[in-house]
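Heads up: the structure comes next, in structure tokens.
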Amino acid sequence: MEGVTVPLALQDYMTVIFSALGLAILTRMVFLLNRSLGRMALVGTVLIVLGGALKASGKLISAAGGPDVALFHQGLFPLIAPGLTLVAWSLYQVRRVFRDQPPLNRPWLVPAVVIVVFGAGVLALAVAGGPWKVPLILLATVGNVGMLVMLALAAWGRNMRFTGALFLVNLVVVLVMSQLANMKEVSIGMIWFEQITQTVAQMLFALAAWNYSQKVEALYTRPLAAQAA
């Protein structure tokens, strides 16, 4: 990326780290409630973190004078779109558990179908020479927004208004950043602003995930463990 400095590229890793921390906390919570759904959340988390790490690494390589590695720059949405879909769906299934409803018999079926359908759209656009990233951006946005809305509603439903507000702040940042991404010419100052804003948002997301998971584990997993003992 032209004009990007090494410090700017390194700062981008902070967003990846806080995002990974928040997702890891949620994945652990899902594992404690349902191991099958926990594996789904884990796969999604790995894809999201890998996509973010590739993007940051591609930026760092370019800033250091290295080659423009297409895999690093183009690999973000092909990884985070299915990743967010899996994490969001696992959290939706967990909400069913909270309502004393069993998870679906084939929990992987719905996200797999959604990912395949959007993947077919990507291939069709790529063959036609069109904007192949559009379906992936749409899927990633829907997955991210759906995940944050569910978490915010679940937190407010447990009288965790501060935690719900943190998830809502993250949602607002996601929506605003998606609009800024459409800007054709972006200054270095604007890139710094976007990256720092995203880092702060992911830090708040990690904090909210920790608060929420602690409440959920106290309500659902610890009583079960005490009964088993």
Open item on the list: Taking the Kirkwood radius as the inverse of the mean 1/r across Cα pairs, report the Rg/Rh of the range 1-118.
Closed with: 1.09
Task: Cβ-based charge dipole, the range 1-111, positive-most Cα from 74, 13, 38 - done: 38
Task: the chain: angle of helix 35-63 to the longest principal axis, Cα-based, in degrees nearest 10 - done: 20
Task: Residues of the chain: accessible area per residue with a 1.4 Å probe, Å² - done: 51
Task: Linear extension gain, residue 35 paired with residue 137, 0.36 nm per residue minus alpha-carbon span - done: 33.8 nm
Task: Number of Lys pairs (Cα under 24 Å; 8 or more positions apart or on different chains) in the chain - done: 5
Task: the chain - Rg over Rh from alpha carbon coordinates, Kirkwood radius - done: 1.00
Open item on the list: Can you order the peptides 125-137, 143-155 by their average number of other Cβ atoms within 10 Å per residue, highest first?
Closed with: 143-155, 125-137
Open item on the list: Run the numbers for residue 159 and residue 210: contour at 0.36 nm per residue of separation, minus the present Cα-Cα distance, in nm.
Closed with: 16.8 nm
Task: Most mobile listed residue (200, 43, 116) in the chain, GNM with C-alpha springs under 10 Å - done: 116
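The values are calculated or read from the model by the stated rules, or taken from the named source; none is laboratory data. From a predicted model like this one, the values you see are computed outputs, not experimental measurements. All Cβ positions, glycine included, derive from the backbone under ideal geometry; neighbour counts span all protein chains shown. Heads up: the accessible areas ignore ligands, DNA and RNA and are worked out on the full protein's heavy atoms, side chains in. Shrake-Rupley method; radii C 1.70, N 1.55, O 1.52, S 1.80 Å.
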